[in-house]
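Comments concern the structure below.
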Amino acid sequence: MAVAVKNTPETAARHPLNPLVIDSFAGALYVLGSLAAVFYGVPALWSIAVDPWLTWTAVSRALELVAIAAAGIGLIALGSQLIATRPVRGLRAGIFLALVEVLAIILITLGIGNLLERWLGENGFALGIGITAAVGVALCVLAALTAMHSRFERLAVELEDQGWFTVAAYKRTQGQRVRRSTILGILILAGCGIYTLLQHDTLAAGQEDWKVTVPFTDSRYLVLLPDVRFMVPILLAVASLWLAYRVVNLPVFADFLIATEAELNKVSWTTRKRLIQDTVVVLVTVLLLTVFLFVIDQFWGFILSHIGVLQISPTNAQQLGPTEQPW
């Protein structure tokens, strides 16, 4: 005798945390650690291990820059390899979002700590540190709750699908002329802005380095951006190049540019001889209309002023010079 058995669908085990969230914050910490190693660790090790033995300052600085560049390239290659081993959709965008959150937590915590240090003074040292630590912990908890929300994953996936974090081109062979013209226009605007920034010495009037003071540490500070006068234009130029390249490869905007070039290809452009002829016709027509309207204006002004239709008050007549009197 056959018995019907109700099959219950198998439910996949859910992870307590989204892998995208874990990998994103791990990637953000890797980026921050890499920046610290490149811009703080390598110079510190160089000053201890190499500078005492290498007496030529210029050679030492040049080799130090080479070491910094090599360390940066190596860490970038290692990070790319680590991302390749974690095929999680939206991971690059998730790392960027997590990095923004971590930097915001650090800056807000340090800013509140500096305010407490000025308000409480030396007598409130312990209280200030406690409040600052509590603020930092609260911001970390808030960031964790925000990252575990489904909106974080949706936003990361959307940004990743738009192509902001990849060098791959969208429909590479289509709409090339319009795309290149758009890139050129964006770069010209950015170049004009950077040139104006340099010409007015806007950055020279400020601090040499952008730094933030670490509270309750006897005025120690962290350098966020060294050599602002030179680094800001370089970063703006790099950001402009990346923005110009990625904007024309956004699927929505790229399809618009492709359609625009397709419509331009349908336009029937006139020949050089026909263009000259049409231009001459337009200019002659405008000149003839100008002369005609001038003659008509003078004629009717003369007629209407003599029959009394047009009258000029004595005050206005006295203000006119002898060559400006009406007919």
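Among the residues making up the range 266-303, those that are loosely packed, with under 10 Cβ neighbours inside 10 Å and of a type outside the set (A, V, I, L, M, F, W, C) are 266, 268, 271, 272, 273.
Taken together, the criteria exclude residue 175 from residues that are over 30 Å from residue 263 (Cβ atoms) and either surrounded by 15 or more Cβ atoms within 10 Å (Cβ to Cβ) or among the hydrophobic types (A, V, I, L, M, F, W, C) (or both). Among the residues of the range 126-142, are any surrounded by fewer than 18 Cβ atoms within 10 Å (Cβ to Cβ) and closer than 28 Å to residue 76 by Cβ? Among the residues of the range 126-142, at least one is surrounded by fewer than 18 Cβ atoms within 10 Å (Cβ to Cβ) and closer than 28 Å to residue 76 by Cβ, which makes the answer yes.
For the range 197-232, filtering for residues that are among the polar types (S, T, N, Q), under 26 Å from residue 132 (Cα atoms), modelled with pLDDT of 80 or more and assigned to a loop (DSSP other than H, G, I, E, B) leaves 1.
The values are calculated or read from the model by the stated rules, or taken from the named source; none is laboratory data. Note that the structure is a prediction, hence the values are computed from the model and not measured. Note: ideal-geometry Cβ built from the backbone for every residue, glycine included; neighbour counts use all protein chains shown.
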